[in-house]
Amino acid sequence: MGICKEEKTVGYTFQGYKRPDGRYGSRNLVAVIPSVICANDVAQAICRQVQGTIGYFHHQGCCQLPLDLHRVTDVLINLGKSPNVAAALIVSLGCEGTDHERMLAELRATGKPVEIIRIQELGGTSRAIQAGIDAAQSLVLQVSGQQREEADISNVVMAIKCGASDTTSGMASNCVIGYVADKLVDLGATVVFGETTEFLGGEHILANRAVGGPDGPVGKKIFEIVDRMERRAKSIGEDMRGGQPTPGNIAGGLSSIEEKSLGAIVKSGHRPIQGVLEYTEAVTDQKGLWIKDAPGREPEILTGMAATGAQFMMFSTGRGAPQGFPSMPVIKVCGNPNTYARMSHDMDLNAGTIITGEKTIEQVGEEAFALLLKVLSGQMTKNEALSYFGSMDIFCLGPVI
Amino acid sequence: MEELKLALKVDDKDNVATIFAEQITDGTCVEVRDKRGNSEIIPVIGDVPYGHKIALVDIPKGSAIMKYGESIGAASRGIRKGEYVHVHNMEAMRGRGDL
């Protein structure tokens with residue numbers, strides 16, 4: 001046991017940026033945070049001018065129900081709290097529905113440098129852009145000299161997702177990510193997966209893996225989030241469960257809804273599920289495998305996962321999903337060897353070698369693990385190098401008004 | 001050298017494997033590999049399209065079809081080792097509305 005323990009601490013570390021709260025970031029960015037969609041153009045102008053910044057160009061923050069305005073405020077705060085963010089500049093319009101003063105107070109409480117500009121108060125677009133550029137430049141100068149430090153792997157929060165899936169996803173790339181998830185959990189790290197829509201037909205399997213079993217609070221919560229999502233669809237007259245698997249799925253070889261669901265769930269690995277995080281929630285001291293109640297669509301789940309505090313995401317694809325997120329590196333694991341060959345400038349790892357019989361799931365799993373250590377320590381993912389991370393959004397529940 | 005006809009078994013508890021090869025017809029031998037690369041040659045019973053499943057052992061009627069280490073349904077009749085497994089001889093146990 002002693003040897004194992006030593007291997008754990010000596011074997012797997014990464015070079016990260018230590019934050020005032022003790023967490024480690026894989027990136028050292030100045031986040032420009034529009035508190036409302038109406039501030040996006042000013043925020044974009046600031047980001048274009050100032051190196052070292054990224055922007056969260058979402059489409060929310062006004063003319064929404066109080067519940068959603070609270071949600072948007074919470075998510076923007078947790079994005080700013082992410083360990084990949086070194087400092088933040090809030091770009092407020094002045095009359096928005098979100099609580100930009102709470103944003104400022106909660107972000108300042110983290111000990112990170114935080115500034116705010118208010119477009120209406122400053123006298124409009126051009127003046128706000130000038131003030132914002134000055135403020136962002138000052139923040140970049142304050143934080144860009146920070147050095148990376150060695151951090152144990154247990155400080156990692158990994159997010160998981162699959163998108164643009166095909167026949168290979170459930171057999172290759174998702175299995176590889178499942179292998180990595182188990183390994184990280186065993187090393188004391190945190191893994192978060194979502195895509196509640198994909199649990200349909202497999203929720204009983206997840207509930208059986210919950211700490212306390214299917215009838216315990218975590219198991220019950222898993223059934224609850226699936227039911228909640230189905231009821232939202234039903235409220236506008238749609239039944240998500242009917243007709244699964246689809247005729248296309250059956251033609252492709254999927255024989256039951258359980259098989260379809262498991263093909264997606266396998267990327268979470270096999271460890272017990274410790275609990276369910278709401279969409280807006282961040283990981284504080286949670287360890288092990290967690291679910292985040294997030295939909296499957298990229299802009300919303302990537303935002304939710306970045307707000308969780310994940311330093312990176314591992315993303316499984318078959319047909320080739322190219323996008324990333326402004327402050328969270330996204331490692332693309334491609335299960336389809338033909339897609340990998342065609343899109344090698346977008347895909348970070350070829351899991352298609354499993355389908356061709358050249359490598360095993362465990363071999364590619366180890367390759368993925370080696371790659372994530374490099375990415376955590378600063379190596380760019382392919383989408384980062386191409387700046388393919390502009391689209392993001394916040395998952396809201398109610399109508400716009 | 002003959003081209004590899006590969007079928008993958010993703011979990012040790014599985015009793016089916018998924019074929020990743022074209023032109024698998026009745027009697028074709030496929031190489032079934034697990035996640036560590038251990039392999040077994042199995043002759044296929046029936047014509048099996050790319051991405052579809054075969055049985056790795058005899059599965060009696062009513063027994064669970066196991067993939068990913070979990071039940072994905074039950075055999076609706078007895079299934080022989082090597083036989084094509086799909087909606088014609090297995091049935092989902094969830095989301096059917098009649099159970």
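Bear in mind these aren't lab numbers, they're just calculated from the coordinates by the rules spelled out. What you see is a predicted model, and the numbers here were worked out from it, not measured in a lab. Positions of Cβ are backbone-derived with ideal geometry, glycine not excepted, and every protein chain shown enters the neighbour counts.
For the protein assembly as shown, the 222 nm mean residue ellipticity estimated from helices alone, with every DSSP H stretch of n ≥ 4 adding -39500 (n - 2.57) and the total spread over all residues, rounds to -9500 deg cm²/dmol. Its relative contact order, with pairs defined as Cα atoms under 8 Å and 6+ residues apart, puts the stretch A:125-256 at 16 percent. Bridgeable lysines around A:LYS112 (alpha carbons under 22 Å apart, same-chain partners fewer than 8 residues away excluded): A:LYS18, A:LYS81. Using the alpha carbons alone, the radius of gyration of the stretch B:5-92 stands to its Kirkwood radius in an Rg to Rh ratio of 0.93.
Beyond 21 Å between alpha-carbons counts as too far, so tell me which of A:LYS267/B:LYS9; A:LYS332/B:LYS9; A:LYS161/A:LYS382; A:LYS161/A:LYS332; A:LYS161/A:LYS292; A:LYS161/B:LYS5 fall in that bin. Could you put the intermediate results ahead of the total?
Working: A:LYS267/B:LYS9 16 Å; A:LYS332/B:LYS9 23 Å; A:LYS161/A:LYS382 17 Å; A:LYS161/A:LYS332 10 Å; A:LYS161/A:LYS292 11 Å; A:LYS161/B:LYS5 30 Å.
Correct reply: A:LYS332/B:LYS9; A:LYS161/B:LYS5.
The stretch B:1-61 and the stretch A:163-193 have Cα centres separated by 23 Å. Counting only other chain Cβ atoms within 10 Å of each residue's Cβ, the peptide B:32-39 averages 4. Between the stretch A:325-346 and the stretch A:88-136, the C-alpha centres lie 35 angstrom from each other. In the stretch A:152-385, the DSSP beta bridges split such that about 5 percent are antiparallel, to the nearest 5. Normalised by 2.2 N^0.38 Å, where N counts its residues, the alpha-carbon radius of gyration of chain A equals 0.98. Among DSSP beta bridges lying fully in the stretch B:5-92, give the percent that are antiparallel, nearest 5. Here the share of antiparallel DSSP bridges comes out near 85 percent. For A:THR356 and A:SER235, what does the FRET efficiency come to when R0 = 41 Å and r is the distance between their Cβ atoms, rounded to the nearest 0.05? Plugging the Cβ-Cβ distance into 1/(1 + (r/R0)^6) gives 0.35. Descending by average beta-carbon neighbour count within 10 Å, the peptides A:234-244, A:132-142, B:40-50, A:52-62 line up as A:52-62, A:132-142, B:40-50, A:234-244, the highest first. Charges were assigned to the Cβ only: +1 to each Lys and Arg, -1 to each Asp and Glu. The resulting dipole of the protein assembly as shown about its Cα centre is roughly 380 debye. Using C-alpha pairs below 8 Å separated by at least 6 residues, the relative contact order for chain A is 21 percent.
Using a Förster radius of 56 Å, what is the FRET efficiency between A:ARG319 and A:GLU121 based on their Cβ-Cβ separation? Nearest 0.05, please. E between A:ARG319 and A:GLU121, to the nearest 0.05, is 0.75.
Peptides B:26-35, A:28-37 ranked from most to least packed give A:28-37, B:26-35, packing being the mean of other C-beta atoms within 10 angstrom over each peptide's residues.
About the Cα centre, and with charges only on the beta carbon of Lys, Arg (+1) and Asp, Glu (-1), how big is the dipole of chain B? Nearest 20 debye, please.
360 debye
DSSP bridge analysis restricted to chain A gives an antiparallel fraction near 15%, rounded to the nearest 5.
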